[in-house]
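Q: First the structure, which I've put down as structure tokens, then a few questions once you've had a look.
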Amino acid sequence: MDNWNNTVEESTDLGYGYLELEFIRCCVAEGKGNPFSEVVSVGFNWESHKYDWWENLEKKVPDIAKSGFTSVWLPPASNSFSPEGYLPQNLYLLSSSYGSEQQLKALLQKLKKYKVRAMADIVINHRIGTTQGHGGLYNRYDGIPLAWDEHAVTSCTGGLGNQSTGDNFHGVPNIDHSQHFVRKDIIGWLQWLRSVGFQDFRFDFARGYSAKYVKEYIEAAKPIFSVGEYWDSCNYSGSVLEYNQDSHRQRIINWIDATGQLSSAFDFTTKGILQEAVKGQFWRLRDPQGKPPGVMGWWPSRAVTFIDNHDTGSTQYKGLRVTPRSGKPELYCRMYSAEHFQLIGLSPRIILWRYEMLLVADLQQHLITCIKVFYRRGYAYILTHPGTPTVFYDHFYDGDDSVHEQIVKLMEIRRSGEIHSRSTVRILEAKDNLYSAVIGDKICIKIGDGSWSPSDREWTLATSGQRYAIWQKQQ
């Protein structure tokens, strides 16, 4: 085990937000080993508000901790115009569609007891007003805490403030972060969230306002870990993902830089490339310099990797259904388009042809199984590679037990193999049907149909699944 007490002088480059030296020493004192070995649980999906969510999560805290998660990303906790929480109104009211304030605080206490940090979803790009103001729009916040007027709203979204410092979130009043009184109030709220029990922050729609304000908020509220959602489109030639995504990952890195390097960011580059690579295009997983092609390859300590979350894949595979319409069978799927079916080797035409040969339930189950194969390979990749990986609630708890256990096993291998956000990657193969790499000096992985295994006898098979295998070096 490395001596992590010797790394404290590097604290300005941790990739853990405003992570203080005491945090590293605390990890060592509690026997947690490498303080860079974070794994985040995405603790909800898009429809979690329909259930008693805080109570549901509280029951799962022991399993979350036992599985090895260090932080749980919770949905927006404040009062919201929409049940999902992403149209906030009264920021200081913690009773929401996910449960009461008392239930939330009980969850936060349970997480603290089990030494798992709570990540608050910080939605501060926009805010729904309570009363009509300038232009007849609901851009005033009378009668609730942070009782702003129209000057807190950007002029490009119907307010009397300044122009936005980022991209507009259309249809709602966007907050003008250039106003000093606005930033002062937001800082007060963020500090209050820290006192309530939230330790980590996730900044929603980070493209909507300048990253310099994120820097200011982190410096003032001092979350242990911060991550921004800088969601930008990958580079395409027509409908085909381009091999070179350097400009895409550079934009994410520019955002991280602008936060004073205090925040990490979701690695949307790796997400976009990985979902194409598993179609039999594993050559995509090595850039021209021989490194991983996402943010992970350039700045792994700031890359937060993921397969899906509440936005990109929430409750999607459950919605697959085949329905006759106008006498013809059609496949309905909320997120998975024709390209997703190419991923599993089926064209829409073949699917329709198979409809005549298979029962609807059989076809539905076949598609669900194929999609599960995809994200199992995805987790084999991100949980054995540098960066800070996340695991989506639906994949961990709403799948079958074998998926849950596979992910737990991958997390165990990550810990025992001492893989962390700064681990090295030596890519050995990256071609159509095969990817193989050595991560750190203790883990070796192969993904794809191609035949490959490490030749040295010092490697022992640690686990295997559908189209992947992982070896660990004998001690």
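Q: Figure the gain on full extension for Thr131 and Ser402 (residue separation times 0.36 nm, minus the Cα-Cα span) and round it to one decimal in nm.
A: Working it through step by step, the gained length comes to 92.5 nm.
Q: Grab the beta carbon distance between Asp449 and Lys115, set R0 = 41 Å, and tell me the FRET efficiency rounded to 0.05. Could the numbers behind the result be given before it?
A: Details: r = 41 Å, r/R0 = 1.00.
Computed FRET efficiency for Asp449 and Lys115: 0.50.
Q: Can you return the lysines within cross-link range of Lys473? Criterion is Cα-Cα under 18 Å, with same-chain partners fewer than 8 residues away left out.
A: Partners within reach: Lys409, Lys442, Lys446.
Q: Quote to one decimal, in nm, the extra length available between Tyr51 and Phe81 on full extension: 0.36 nm per residue of separation minus the C-alpha distance between them.
A: Numbers: separation 30, 0.36 × 30 = 10.80 nm, distance 1.74 nm.
Taking 0.36 nm per residue and subtracting the Cα distance, the gain is 9.1 nm.
Q: Turning to a different aspect of this structure: Between Lys431 and Ser237, how high is the FRET efficiency from 1/(1 + (r/R0)^6) when r is the Cβ-Cβ distance and R₀ = 22 Å? Nearest 0.05. Each step should come with its number before you reach the end.
A: Values: r = 21 Å, r/R0 = 0.95.
Approximately 0.55, to the nearest 0.05.
Q: Which residue, chosen from Pro386, Thr424, Ala462, occupies the Cα position most advanced towards the positive end of the dipole of the range 383-475, where the dipole is computed from +1 (Lys, Arg) and -1 (Asp, Glu) charges on Cβ about the Cα centre?
A: After comparing all options, I get Thr424.
Q: List, in the order given, every pair from Lys66/Lys112; Lys271/Lys291; Lys115/Lys215; Lys50/Lys115 whose Cα-Cα distance in the structure shown is over 18 Å.
A: Details: Lys66/Lys112 14 Å; Lys271/Lys291 16 Å; Lys115/Lys215 26 Å; Lys50/Lys115 28 Å.
Violating the 18 Å limit, Cα to Cα: Lys115/Lys215; Lys50/Lys115.
Q: For the range 94-109, what does the Karplus curve 6.51 cos²θ - 1.76 cosθ + 1.60, with θ = phi - 60°, yield as ³J(HN,Hα) per residue in whole Hz, taken in order and with x for Gly and Pro?
A: 9, 8, 9, 5, 7, x, 7, 4, 5, 5, 4, 5, 5, 5, 4, 5
Q: Another question, if that's okay. Using θ = phi - 60° and the Karplus relation 6.51 cos²θ - 1.76 cosθ + 1.60, list the HN-Hα couplings for the range 145-150 in order, rounded to whole Hz, with x at every Gly or Pro.
A: x, 6, 7, 6, 10, 5
Q: With unit charges on the beta carbons (Lys and Arg positive, Asp and Glu negative) and the dipole taken about the Cα centre of the range 40-110, which residue among Ser67, Phe44, Leu91 sits farthest to the positive side?
A: Most positive-ward Cα: Ser67.
Q: Quick one: if the Förster radius is 35 Å, what FRET efficiency do Gln289 and Asp257 give, using the C-beta to C-beta distance and rounding to 0.05?
A: Values: r = 20 Å, r/R0 = 0.57.
It comes to 0.95.
Q: Could you give the length gained by full extension between Leu160 and Leu93, i.e. 0.36 nm per residue of separation minus their alpha carbon distance, to one decimal place?
A: Numbers: separation 67, 0.36 × 67 = 24.12 nm, distance 2.59 nm.
Here the segment from Leu160 to Leu93 would lengthen by 21.5 nm.
Q: Under the rule of at least 5 residues apart or a separate chain, name every residue whose amide H is placed under 5 Å from the amide H of His126.
A: Amide H neighbours of His126: Ile175.
Q: Decide, for the range 216-315, between rounded, prolate and oblate: order the square roots of the alpha carbon gyration tensor eigenvalues as a ≥ b ≥ c, take rounded if a/c falls under 1.5, and otherwise choose prolate if a/b is larger than b/c, else oblate. List each step's numbers first, then the result.
A: Numbers: a/c = 2.19, a/b = 1.66, b/c = 1.32.
Prolate is the answer for the range 216-315, as a/c is 1.5 or above and a/b outweighs b/c.
Q: Distance from the Cα centre of the range 39-82 to that of the range 223-248, in angstrom?
A: Comparing the Cα centres of the range 39-82 and the range 223-248, I get a distance of 26 Å.
Q: Would you mind giving the average projected area, over all directions, of the Cα convex hull of the range 149-291 in nm² with one decimal? Let's see the in-between values first.
A: Numbers: hull surface 42.7 nm².
Average of the hull's projected areas for the range 149-291 equals 10.7 nm².
Q: Could you give the distance between the Cα centres of the range 96-111 and the range 417-446, to the whole Å?
A: Centre-to-centre distance over Cα atoms comes out at 40 Å.
Q: Peptides 405-412, 295-302: what's the order by average Cβ count within 10 Å, highest mean first? Intermediate values should be presented prior to the final figure.
A: Working: 405-412: 18.4, 295-302: 25.0.
Packing order, densest peptide first, comes out as 295-302, 405-412.
Computed from the coordinates by the stated procedures, all read-outs in this text should not be read as laboratory data. On a predicted model such as this, the values are computed, not experimentally measured, just so you know. Cβ atoms come from the backbone with ideal geometry, glycine included; neighbour counts cover every protein chain shown.
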